[in-house]
Amino acid sequence: MHGWFYDGGYMMGIHGVWWLALLVVTGGILLSGWGRFTDRTDTGREAPHEVLRRRLANGDITAAEYEERKALLDRDGGRST
């Protein structure tokens, strides 16, 4: 039984194709995530003052609450914007 499934006792036919497919998929996964961890610089995270302004704009807090919390942020951590 020679040919595609059984090549002289080494099973390189379809078995070799599966190994090649595995290598291609693994390579694709590795290349698609290349540099993912080194590119994280917290750009997706809002600064506290931005959160406060957004909450005021959305109506989650009143202007008085905004001023009070902004004063706390300015006092405790310095202005970050």
Where does each of 60-67, 46-53, 26-33 land if you order them by average Cβ count within 10 Å, highest first? 46-53, 60-67, 26-33
Cα-projected label distance for ALA63 with HIS15, points at 7 Å along beta-carbon direction, nm: 7.9 nm
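Every number here is computed from the coordinates shown, using simple stated rules; none is lab data. Computed from a prediction, not measured in an experiment: that's the story for all the values here. Here the Cβ is made from the backbone with ideal geometry for all residues, glycine too, and neighbour counts use every protein chain on show.
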